[in-house]
Structures are given as structure tokens and as C-alpha cells.
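Have a look at the structure below before the remarks.
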Number of protein chains: 2
Amino acid sequence: MKVKIVEVGPRDGLQNEKDILPSAVKAALINKLAEAGLQTIEASSFVNPRWIPQLADADEVLSTINRAQGVTYTALVPNLRGLERARACGLNEIALFMSASQTHNLKNINKTLEETYPILREVALEALALGMRVRGYVSTVFGCPYEGKVPLDNSRRVTEALLEMGAYEISLGDTIGVATPKQVHDLFRELVKDAPVQRLAGHFHDTRGTGLANVVAAMDVGIRTFDSSIGGLGGCPYAPGAAGNISTEDLIYMLHGMEYETGVDLQKLLEAGAFIQKQLGRDLNSKVLKAHLAAECLAAKDE
Amino acid sequence: MKVKIVEVGPRDGLQNEKDILPSAVKAALINKLAEAGLQTIEASSFVNPRWIPQLADADEVLSTINRAQGVTYTALVPNLRGLERARACGLNEIALFMSASQTHNLKNINKTLEETYPILREVALEALALGMRVRGYVSTVFGCPYEGKVPLDNSRRVTEALLEMGAYEISLGDTIGVATPKQVHDLFRELVKDAPVQRLAGHFHDTRGTGLANVVAAMDVGIRTFDSSIGGLGGCPYAPGAAGNISTEDLIYMLHGMEYETGVDLQKLLEAGAFIQKQLGRDLNSKVLKAHLAAECLAAKDE
């Protein structure tokens, strides 16, 4: 039994870091993630650099990483200008994004949901014409920082629209980390009535500790693709109080314990986590990384 | 649908804290937990004070707390001497403990499993004769820091022995926090073949981030009683690298989101968490507490 992991640390993770990291550090992180066996890595974002200064060097990062065989490198693309940059970097896949809630969409991309559809459709058509694969994100599925609860119909409508544009996979996001397993189960159970289960993915933030429980709830409905972030990096700069994505280390530990295959080498993954923790100079959220480093520290004392 | 929470923060949580807290702080914490609606509170331990200096003041703490109506106050008891102290404090319930693995039992209570049974049986019989209720703990069910994997038969045998002694409930503990949902599901599915499901409880540590996912896995088998610790305090001083218990705040948040009743007021619970965090002078593990305090901080800035 296999589970697909989409590593979003270099994008969803780093975009929330205030101190700008050198491009070489980002490239080194991405290379370590690929070496650990991650086969889909969201490496950066082609949004306007004024919005997310940390990822202004997307072109530089993507042109300096090793392109490991069998690994898909992808990036966020908001418009045709972003698509042109992604193409110039030689990407084979891009990710489009919008919210399930009107207000979050307005604050995040300065457009209503209705204004967003035609823009993304144009980008998707052009990307497909260029032979690229397109992934879609739906944010604030389980709650919006401005509107509170988000009706399931919103998520259904945005998911359908992105699938119709030609996205091969839609990632449903708990942007502010409010979901509990019941809501996750209920949402996916509804969505799989219309969309093929293998085209849906779960994207959870661990703001309230329910991230991995939500993964298991989605797996109960048959979802087998999850986004996660090395070290548990991440958050949304426009969602107050939002903490990081679920940690890739914790997710891999759990999935392997449940006898799922991920293709990831946990030991190498922990080296990638330790690397970026050292570069950022603070303890990251990943519990498996914490336990690993505590054990290493104890072993060093015993010697 | 109801779930019973056994709050173990004042015992399993605080026993791992090096700096000795004033008895008045412990009593205040226990009172706040009761005010938040927790109906079973493990308040301290009557093990030899040399083993756990932090809980040497068990008698003082238990004699100064408010005894809220409908709340069960309990404490660990290792032997007849401990039982005498518990009786003198007017407790109506005690908790006995042993491990599923031989080496952990030896390191933790200096006796083999076989040597432990008659001692606990004597304490249980005496407690029952005094009209007290007896709860049993089985530690290292999902893994031992010294032996690694622990055979399911060990846990079954210890569980049966404690039930035969007259314990009304057995709490199965992932002492070092290694379990994943599949193991939890498999263990409880096996145990409920022999033991009534309502007499089993789950006790999870969140060392690797799987704590709440493990709760949901146990609930799938019908388990409805869980131990947790305010703020996610806790750990085992004899289990290297072990991090805290699952956080009561996170557990309650998840259960309420899943439409279970717990009788706990999350807002008041967060006040108890903020109180003990302030007393300990460091950030605690509870994610819901972190999110709550971050939101309060942002709200204060906006004013």
C-alpha cells in the first residue's frame, strides 16, 4: 500500500520565515529532500516577489538545484507571468491556488472567487498546452480566519472548477488548522461522490495538534496523497495564529508504522530536518525530529 | 456520545519537572482543572519521595485542594505504605502501576513482573476492603526503551492480572510515545476479546506526534476513556527522550470538534494551561494553548 507525499516545506514552509535565507541554502534543502526519497517537491513560488520576499529567488533556486531523476519539482503560479517564469525554469508541473472562502481569497490574491476562475483557467490551459501538469489547491476548506466555518458547497464548487480546468489533483487545505477528524472524514466522503478519490489530496496544518489524526481520517475515505513540510515548517502569512504544516518526519514515521510505503528514507529525512533547523537557528515543530535529536544528544553524553 | 478524560497532569506531568513547585501552586492547578469540568484528576503519587522528589508533598497537596463535588481525586500507590497515606488523605480511588516489559518494570519499580503481582494484589485487596476504587496502569505497551517491541501477550497478561485484582479500569500506556494508529487499533481489538471495552483506557504520549491519531484509532475500537495532561506536560524520567502526555486542551478541542461530550469547558481549561505555563516559566507543548495565547496576543496588539 502506497501513500504519495507532496513535500511543501521549501514553499509553504519557508514563505512564512521573515529572515531571508540564501538561495544556496534553499537549493541544498531541496536536494536533501530529493535524496531522502521525496518524489514531489514544491520548491518555490512565482507569485509577485513583493508579496512573498522570501521566495523572490524562485528562478535562482530552481536553476541551481540538482534535478534528480524521477522527482517532480513544482511551484506555485498565480498568473501567466508566473507561468512564463516556471517555463523558463524548465518545470514540468505547476500549482494553482485559490480559497474556498470569499474573504480569504480577496485578502490572499486580491480578487473574488468569480474573478479568479477565468485567470486560473487561462493559466491552466496554457500550461497544459506547454505539456505541463497542473495541480490545484483549495485553501480554507475547514475554516476561514475571516468568515469562520466554510460551507462544504464552496469547496465542492472550487474543486470541480479546478478539475474542469484540467488539474490532475486537488489538494484540500486546512489553512488555519482547525479541522478535526470528523470534519475531514465528512468532507472527503462528500467530495469523492463527484471526484475520483485518487485525484484528491489532504493538506493539513497542525495548529491545534489534530494534523496526523486528520490524515488518518482522510485515509479512511481512501485518500492516499498528503502534503507535508520538513520540520513542520510553515503557516499562512494572512491567517493570524496559523502554525506550520504537518511535519514530513512525523507523517512518514506514522505511515511506516502503519505499514504504508512512501519511498522515503526516514533517517535521511531527519538529516534534512536537522539541516534546515540549524540554518533557521531555532527548534522546529517536528516531534520525530525533536525525539531524534534528543536521542542523539543522550547517545553523545553516554560515549 | 461521551468520552471520559482522566487528567494526569498534576502527577504524570509534574513528576518530570526538575524544579520543585510550591504545594500551593499544585493545589491551585488541581482546583482550576476541577473548575474546568474535569471529573477525574490524578493529583499526585505516593511512591517513595526519594524516587520522585517533585511529588514528595502529595499529602500536603491532597489535604489543601478543594474537594469539588462529583470530582474523583486519585493518586499513584506502589505499596501498602502508599495506600495508608492515600487513605489518610481521604482518597476514594487509587492507581496501581506496572509495565508490560520486564526491563522497564525492573528499572521503574525495582522488581520483576512476577514479584510485582503479589504486592499489587495485596494493595488492591486492602484498598477494596477500605471501599476505595482501584485503577490499573500498564506501561510500555507499544514499546520499551530497553527491550524495543513488546509482545501483545505481555500486555494481555498484565491487563488480566490487574482486572482480576479488582481494578475497575486498565489504562494501556504508550510510555515512550512510539505507537502509530495501526498498532493501537490492533492492540485494543485484541484486548477487547477478553476484557469489556468500557474497562479499558488509552494513555498516549505525543513523543512522535501521533498521540491524537492514536486516540482516534482506539475510539474506532470503542475505547471511550483517555488519559491526558494539561499543557501536554509529562514524560517518564526512566524513558530516555520521552516527551509529554497528549495535551488535554488538544484532546478536548478534537473531541468537541468530533461532537463528543466531555463535560469540560475548553475556555476554562485554557486558563488552567496558561496558569501552569506561567508558573513553569516556559512554553508548554499544547498546540491549542499556543494558538489561544497567540490569538490573545494579536488581539491585544489590535486594541
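The values are calculated or read from the model by the stated rules, or taken from the named source; none is laboratory data. In this text the structure is predicted, and so the values were computed from the model without any measurement. Counting neighbours? That spans all protein chains shown, and the Cβs are built from the backbone with ideal geometry, glycine included. In case anyone asks, the SASA skips ligands and DNA or RNA and just uses the protein heavy atoms, side chains included. Shrake-Rupley method; radii C 1.70, N 1.55, O 1.52, S 1.80 Å.
Could you check which residue among A:22, A:78, A:145 shows the biggest mean-square fluctuation in a GNM of chain A with a 10 Å Cα cutoff?
It is A:22.
Ordering B:169, B:190, A:164 by accessible area with a probe of 1.4 Å, largest first, what comes out?
Descending order: A:164, B:190, B:169.
Give me the net charge of residue A:123's neighbourhood, meaning all other residues with Cβ under 15 Å from the Cβ of residue A:123; Lys, Arg count +1, Asp, Glu -1.
Every neighbour counted, the sum reads +1.
With Cβ to Cβ distances under 11 Å as the rule, what net charge do the other residues near residue B:291 carry (K, R +1; D, E -1)?
Its environment carries a net charge of -1.
Going Cα to Cα from residue B:149, which lysines come in below 27 Å? Please leave out same-chain ones fewer than 8 positions away.
A:2, A:268, A:287, A:290, A:301, B:107, B:111, B:182, B:193
Taking only protein heavy atoms and a 1.4 Å probe, what accessible area per residue, in Å², does region A:4-302 have with all protein chains in place?
Normalised by residue count, the accessible surface of region A:4-302 is 38 Å².
Per-residue Cβ counts within 10 Å, from other chains only, averaged over A:199-212: what number is that?
Counting Cβ atoms of other protein chains within 10 Å of each residue's Cβ and averaging gives 5.
Interface A/B, total buried accessible area with a 1.4 Å probe, nearest 100 Å²?
Result for this pair: about 2300 Å² buried.
At 1.4 Å probe size, put A:2, B:290 in order of accessible surface, largest to smallest.
The most accessible residue leads, giving A:2, B:290.
Given a Förster distance of 60 angstrom, what is the FRET efficiency for residue A:69 paired with residue B:295, based on the Cβ-Cβ distance and rounded to 0.05?
0.85
Can you tell me what share of the DSSP beta bridges in region A:4-302 is antiparallel? A percent to the nearest 5 is fine.
Once the DSSP bridges in region A:4-302 are tallied, antiparallel ones form about 5 percent.
In deg cm²/dmol and to the nearest 500, what is the mean residue ellipticity at 222 nm of chain B if only DSSP H runs of at least 4 residues count, each as -39500 (n - 2.57), divided by the residue total?
Value at 222 nm, helices only, nearest 500: -13000 deg cm²/dmol.
Given points 7 Å out from each Cα along the Cα-Cβ axis, report the residue B:107 to residue B:282 separation in nanometres with one decimal.
Going from the residue B:107 label point to the residue B:282 one covers 2.1 nm.
When the solvent-accessible surface of protein heavy atoms is calculated with a 1.4 angstrom probe, in what order do A:20, A:246 fall, highest first?
Per-residue accessible area, sorted high to low, gives A:20, A:246.
Quick one: what does P(r) look like for the protein assembly as shown with 10 Å bins over all Cα pairs, in whole %?
Per 10 Å bin, starting at zero, the Cα-Cα P(r) for the protein assembly as shown comes out as 3, 17, 27, 24, 15, 9, 4, 1, 0 percent.
Only Cα pairs under 8 Å and at least 6 apart count here; give the relative contact order of region A:67-131 as a rounded whole percent.
31
Plugging the Kirkwood radius over Cα pairs into Stokes-Einstein for region A:4-302, at a temperature of 20 °C and a viscosity of 1.002 mPa s, what D comes out in µm²/s?
Estimated diffusion coefficient is 113 µm²/s.
Counting Lys +1, Arg +1, Asp -1, Glu -1, what net charge surrounds residue A:14 among other residues with beta carbon under 11 Å of its beta carbon?
-2
Residue farthest toward the positive end of the dipole of region B:4-302, with Cβ of Lys/Arg at +1 and Asp/Glu at -1: which of B:92, B:145, B:213?
B:145
For chain B, modelled as a Gaussian network with Cα springs under 10 Å, which listed residue fluctuates most, B:211, B:231, B:166?
Judging by the Gaussian network model, the answer is B:166.
Taking Cα centroids, how far is region A:173-197 from region A:77-120 in Å?
Centre-to-centre (Cα) distance: 22 Å.
Taking R0 as 41 Å, what's the FRET efficiency between residue B:125 and residue B:268 from their Cβ-Cβ distance, rounded to 0.05?
Efficiency at R0 = 41 Å is approximately 0.60.
Only bridges with both residues in the protein assembly as shown count here: give the DSSP antiparallel percent, nearest 5.
Within the protein assembly as shown, antiparallel bridges account for around 5 percent of the total.
Report, to the nearest whole %, how much of the accessible area of chain B belongs to carbon and sulfur atoms, 1.4 Å probe, protein only.
49
Hey, in the GNM for chain A with a 10 angstrom Cα cutoff, which one of A:161, A:243, A:218 fluctuates hardest?
Ranking A:161, A:243, A:218 by mean-square fluctuation puts A:161 first.
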